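Have a look at the structure below, then the notes.
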Amino acid sequence: MKSPLAKKLKAILDSMSQEDFNTDWDEIISFDLKGPSFADVFEYNASHFQVDYDLPEEGNTYNVPVNSYNLAA
């Protein structure tokens, strides 16, 4: 696992019994939570982040920085 968050989740799940997990999961399901739609996420990102579409000159390449976002999952 690469991220600290994934390691924490694994530790929590490893320490839970299946019955405790099922009880907690049933409680979460009872909240009937719904996430944003793809259109909502796209609209939010489009309004909050500027994308630079300039292409590199011939022969040049982009170097992608290593961070937790491009290494996730």
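Structure summary
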quantity	calculated
Subset of the stretch 37-69 that is within 24 Å of residue 3 (Cα to Cα) and surrounded by 10 or more Cβ atoms within 10 Å (Cβ to Cβ) - its residue that is modelled with the highest pLDDT	41
Output for the stretch 1-36, where each listed residue is modelled with pLDDT under 90 and surrounded by 10 or more Cβ atoms within 10 Å (Cβ to Cβ)	1, 2, 3, 36
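The values are calculated or read from the model by the stated rules, or taken from the named source; none is laboratory data. Keep in mind it's a predicted model, so treat the numbers as computed, not measured. Here Cβ is always computed from backbone atoms with ideal geometry, including for glycine, and neighbour counts include all displayed protein chains.
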